Structure formats: C-alpha cells, structure tokens
Amino acid sequence: MRRRRPRRKTGCFWFPDINTKRSRSEGETGTKERGAVLRLCVFLTAEDQESQTPSKRSLDGMQSCEISSDSTDDPLSSDLRTHRQPRIVVIGAGLAGLAATRVLLRHGFTDVTVLEASDHIGGRVHSIQHGEATLELGATWIHGAIGNPVYHLAEDNGLLEHTTDGERSVGRISLYTKNGVAHYQTNVGKRIPKDLVEEFSDLYNEVYELTQEFFQNGKPVCAESQNSVGIFTRDGVRKKIMLDPDDSESIKKLKLSMLQQYLKVESCESSSPSMDEVSLSEFGEWTEIPGAHYVIPEGFMKIVELLAQDIPSRTISLSKPVRCIHWNYSAQHQEVIAKSSDTNQDNNHNTNNHSCQPQDPLLLVRPICVECEDEEWIVADHVIVTASLGVLKQNHEAMFSPSLPEDKVLAIEKLGISTTDKIFLEFEEPFWSPECNSIQFVWEDEAQLEQLAYPEELWYKKICSFDVLYPPERYGYMLSGWICGQEALYMERCDDETVAETCTELLRRFTGNPDIPKPRRVLRSSWGSNPFIRGSYSFTRVGSSGGDCERLAMPLPYANSTKAQPLQVLFAGEATHRKYYSTTHGALLSGQREATRLVEMYQDLHRAQTTKPNM
C-alpha cells in the first residue's frame, strides 16, 4: 500500500484567482492622481454602466436572476426588491466565488457581478477531455462524504453513479485505484521486495501518526524538531532504522532512501516545497471528513457547472482581471467628492467619458471601487475576494488601497502555499505489469540527505512517482506523475518534448527496462506559473497557525472601525478555512460563509428598520 492512512490532498485542490499585476505609469499612485481615481469610481452610476459599450457590464440589469422559491417570500428578499439593491462584486469564479454568488442570488440579491481573470470558470478545477476519459489537471478527489457539500452535490446529481470501486477508497487516495501493488524501484533499476516495503511502511506510520498528536492533544513540541513535520518524522524514523539490530547496513540504507521518497510524497500531498516547512504544532488541526474519497468519472468540472447553472451568464465577466480594490474611501474622500463638481474633468482617467453625478447621495455611500485592468471602474457596496493565497502573497500591496491591515498582511506572509503539478504520459501499450498500480522512485544516493532540493537541471529528481490510471478501458495506458515545490516550477519552464524525454529516461532507469518507448502524448499542469493562481493550495507553514487562516478571512474594515460601513471587503477561498484548507469543500464552504455574512447583516438591518418605533 502506498498510503498508510486516509490522507488529504494528493489530488491538488485548486481554486479561483485573479491577475492583479499593475500597469500604471510612473507617479500615478500619487495623492493627486489617486484622488482622481477615487472620484472617477464614485461617479459611475448604474445609468453610466448601462450606457457603456456592449463589452462593458451592466451592473443593475440583473432582475432576471432565478431566486429559489424558499427565498422569494422571505422578508429580506421582499425588502431587497423594494429598496436600493446593495451592489456586490465577487472576484474569482472558482468554487468559492460561485458558491458565494449562488447564496446571494438565492437570498434576493440581484446586483451581483463576478469578475474572473481567466477565460473560463472553475479556478483550480480544470478537467480536460481525453477521448472518452476526463483528465484532471486540478482537483481530483472528493474527500469524505458525511456532511461534505461537494459530495452531496455530486451524489444528488448522479455524478458518482459510474465511480468504480477502485475510485472509491477509504484508506488511500493518492492512487487512481486501490487495486494492485505499488512498485518501489531504485535508481539502479531494482524493485524493492514487497515485504520490505510493508515493513518500512509500518515503521514510518508509527512515527508519522505522532505528528497529529501535538495539536490534537496539546502535546508540547520538542526543540530538536524545530516545529517541523519533516524534521520530526525524518529524525524519528532514522532513529528506529539505525537501532534495529536485525537489519544489515544495506537494508538500513535502503530504508533511509525510502524515507526520503515517502517525504516527497507527503510534500506533494501538502503542496509544500518540503515537509520541513510544515508546522508540526498545527498539523493536526486539518480535519478529515468521515467517509470515502471519490473520483468523478465525468470530471470535477461537473461540480463547477452545477454551482454555475443557476447564475445568469451575464453575471459573470470572463477575462476580467482586477488591478486594485479601493475600499473605505467614501468617508475619507467626502470632501474631495464634494469639490469634484468644480474640478477640471481633464483629471478623469476614464476614456469612456461618462457623465458624472457627484451630488447623487446614493453614490456617496458606496465605499468601494474595483479598478479593472481594462480601465473599467466598478463601484460597489461589498467585494468578496476569492484570490488564492499565492496571488495575495505576490500582489496584495498593489491590490488594495488603502493597504491591508498589518495583521492580515502578516497572516498572508506566514501561511504557506506551493505548487504541486501533474504530468500525464500516454503510451501505445503498457510496459508495466497488470498488478502494478504505481511506480515509486527511490534514490539510493539520497539516504543521508537533509534537504530534498535540487538545482534546475535536476528538477526531475523531485518526481516522487507515476500512478497508473485505472480502469484502462476508460483511460487507455496512462501514467500520472507528481512533482512539487520549486522543481515543479522548473518543470513548467520546459517544453513538452523535454519533459517527455526526461520522464522516459527516468522510467527506463528505475524499471531497468531500456526499451520503454517515449509516450505518444504529454499533458501537464502549470499552477505555479499561472499568473491568476500562483500555486496549488495552502498549508500551515512553520510559524503560522489556524489563527492566521481566520485573520485572513476577517472582513474589512474591522468591527472596531465604527464609523466605516461594515463588511466592505470579504475574503473567501480554501486558505481562509481553518479546518478544511487545501480542499474543494473548504473553498465552497468559505464562499457560502462570506455570502451568509452579508445575508445576515441585511437581515439584521431589515429587522431593525421594521421594529423601529413610530415617532
């Protein structure tokens, strides 16, 4: 068995993001120019939006949204239909963004716009049709069933009817089938005996299971571990190996080499450059949902389509990257706005030259302007940001004006995200035996290494394995390789021919079969270099905690900013879920959570208004 216990993330769970690279001319971020930008934002009324060219979005013409029957008689829905609709912008059309939009529409909010930077919805879900099969470059597994909203969505809509027993696994999720045997091969072309693999696996599990106890049982972390899952596991397993009196020196070396391979697998599952970077004290907080792990034969994209099916198509703008979110400016710039009617309109940066109505009181209370890369400006009451942690790390300084609070920036910096990529290789005929379900790469010369990091020309040494896709009647003869960290980024820079040749030589070397042909097709992911994604999914890095996930999720402005309009900027996405980070259900639930914040706020406002005593 490759996996020792139910694990979490080998399917690489990827969700929505935006491109926020700025393209301003020098000096445009100055005070005078910023004021002009803010004035411009606040002047774009609903009528202005409707007067734009057909390529621009109408923000108010969404009355055709289908609202579920359980919400149309809701007092909040009735109040929203008879009063000014709050304008809500959702940034990102992945699972979090679509889930949030769905909740808002079902509760009577009709002035909702989704801005997606890429040319398709789904975010880090990316299903590719390959003949009769579907290959997943992104999310692959539904992790757990009981209470998992993604599972129930799939089950209720018949998406699991053709899931085979091999694609429904309780104990192991990093293979496409639970049938067969994993072949552990060394770099000298020898297969490690199955009984030795099982013996080492038991030893490894004994130590690795202890990593959960530090958080779950409040166990103190020893200084020697440096609060690192990788260091703790490596040191613990090495001690057990070296103290075993029954093993020869050659067997001990082989087990030490297998330890390094196991840690590479763990890094791919955690989407960390190395398990040395994963926090030991926080590792056990990640919560597993009970039940099996499922593959959706028709593709995970079917989940995305289900979430989007009740969202009017004109609600979503594709290829619409956001440059900057100007928030909390209505109170700060009232004086500037009031004077703007006397200001020379030459300062207006909007080439569409819309008419402006600065005296309109409705405009003065909208506290947000979303500045898009195509120079469109969208005023809003609320923005739900579902950008990935990778995008936030790279772009938060340019992405928010004013800047994010220091504690939120610190949370972004402390939490971890890396890249886990897949490499699909399709062959004319299988060169592996029928019982083989994976080929695991064990480098015997790495037994004593402390750091599993490689120079660019040796990127292939970070590939931990190739899984056999099963059943062959669906996939043909296909292998799926795994690589993570900086080495995944090196791989992304190579062309397909180089990747095909390198992987073929690797397979020949480890199997001892020099006659393995080159694959007839290569398909691979590139999540690290994707400017709208910048990584696969998050992990709790050494020095971070679940509290950082909650700080990342906290809406702006903070509650103690009593004079500011509340819930202006909300944050969703897998990295904002303290217990389910890195998963599709974590992303979906986070989107629902932020939409529910807005629903509940307007419900409270409605109750306060309807119970106000008559004077």
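Remarks
- Selection count where residues are under 15 Å from Gly543 (Cβ atoms) and open to solvent by less than 90 Å² (accessible area, probe 1.4 Å), scope the stretch 224-246: 6
- Within the stretch 145-163, the set of residues being surrounded by fewer than 16 Cβ atoms within 10 Å (Cβ to Cβ) and closer than 12 Å to Pro297 by Cα comprises Gly158, Glu161, His162.
- Checked against (1) surrounded by 21 or more Cβ atoms within 10 Å (Cβ to Cβ); (2) at pLDDT 90 or above, Arg366 passes all but a single condition, namely (2).
- Screening the stretch 481-565 for helices (runs of 4 or more DSSP H) wholly inside it with 1 or more residues that are of a type in the set (Phe, Trp, Tyr) and either farther than 30 Å from Ser281 by Cβ or touching a Phe, Trp or Tyr at 6+ places or on another chain (Cβ under 7 Å) (or both) returns the ranges 486-493, 496-511.
- For the stretch 84-106, taking the residues that are touching a Phe, Trp or Tyr at 6+ places or on another chain (Cβ under 7 Å) and in a helix (DSSP H, G or I), the one that is nearest to Leu153 (Cα to Cα) is identified as Leu95.
- Options Thr576, Thr583; residue that is touching a His at 6+ places or on another chain (Cβ under 8 Å) and on the phi < 0 side of the Ramachandran plot: Thr583
- Any chance Ala575 is free of Cβ contacts under 8 Å to residues at least 60 places away in the same chain, touching a helix residue (DSSP H, G or I) at 6+ places or on another chain (Cβ under 8 Å) and open to solvent by less than 20 Å² (accessible area, probe 1.4 Å): no
- Selection of first residues in the stretch 512-540 that are on the phi > 0 side of the Ramachandran plot and of second residues that are hydroxyl-bearing (Ser, Thr, Tyr) and surrounded by 23 or more Cβ atoms within 10 Å (Cβ to Cβ), restricted to Cβ pairs under 7 Å at least 6 apart or on distinct chains, gives the following pairs, ordered by first then second residue: Arg534/Ser388; Gly535/Ser388; Gly535/Ser418; Gly535/Thr419.
- Matching entry among Ile121, Ile142 (being aliphatic (A, V, I, L, M) and open to solvent by 10 Å² or more (accessible area, probe 1.4 Å)): Ile121
- Among the residues of the stretch 126-162, those that are over 11 Å from Thr584 (Cα atoms) and either free of Cβ contacts under 8 Å to residues at least 12 places away in the same chain or part of a helix (DSSP H, G or I) (or both) comprise His152, Leu153, Ala154, Glu155, Asp156, Gly158, Glu161.
- Annotation note: Cβ proximity below 9 Å between a residue of the stretch 90-102 that is in contact (Cβ under 8 Å) with a residue 40 or more places away in the chain and open to solvent by 10 Å² or more (accessible area, probe 1.4 Å) and a residue that is acidic (Asp, Glu) and assigned to a loop (DSSP other than H, G, I, E, B) (sequence gap 6+ or interchain) occurs for Arg102/Asp310.
- Some residue of the stretch 372-395 being among the basic types (Lys, Arg) and at pLDDT 95 or above: yes
- In the stretch 475-520, the residues that are hydrophobic (A, V, I, L, M, F, W, C) and under 20 Å from Leu135 (Cβ atoms): Met478, Leu479, Trp482, Ile483, Cys484, Ala488, Met491, Cys494, Val499, Ala500, Cys503, Leu507
- Filter result (of a type in the set (A, V, I, L, M), at pLDDT 95 or above and open to solvent by less than 30 Å² (accessible area, probe 1.4 Å)) within the stretch 281-322: Ile303, Val304, Leu306, Leu307, Ala308, Ile311, Ile316, Val322
- Selection of the stretch 401-418 for residues being among the hydroxyl-bearing types (Ser, Thr, Tyr) and touching a Lys or Arg at 6+ places or on another chain (Cβ under 8 Å) yields only Ser401.
- Here Lys252 clears all of (1) of a type outside the set (Asp, Glu); (2) over 17 Å from Val442 (Cβ atoms); (3) surrounded by fewer than 18 Cβ atoms within 10 Å (Cβ to Cβ) except the condition numbered (2).
- Residue count, the stretch 468-497 (criterion: open to solvent by 50 Å² or more (accessible area, probe 1.4 Å) and under 23 Å from Ser536 (Cα atoms)): 4
- Entry remark, the stretch 566-610: residues being in contact with a Ser or Thr (Cβ under 8 Å, 6 or more places away or on another chain), more than 18 Å from Leu104 (Cβ to Cβ) and not in a helix (DSSP H, G or I) number 5 in total.
- Filtered residue count, the stretch 373-390, keeping only those that are of a type in the set (Val, Ile, Thr), in a loop (DSSP other than H, G, I, E, B) and over 26 Å from Arg124 (Cα atoms): 0
The values are calculated or read from the model by the stated rules, or taken from the named source; none is laboratory data. Quick caveat: nothing in here was measured; it's all calculated off a predicted structure. Ideal geometry is used to build each Cβ from the backbone, glycine not excepted, and the neighbour counts take in all protein chains shown. Areas reflect the complete protein model, heavy atoms only, side chains present, ligands, DNA and RNA absent. Shrake-Rupley method; radii C 1.70, N 1.55, O 1.52, S 1.80 Å.
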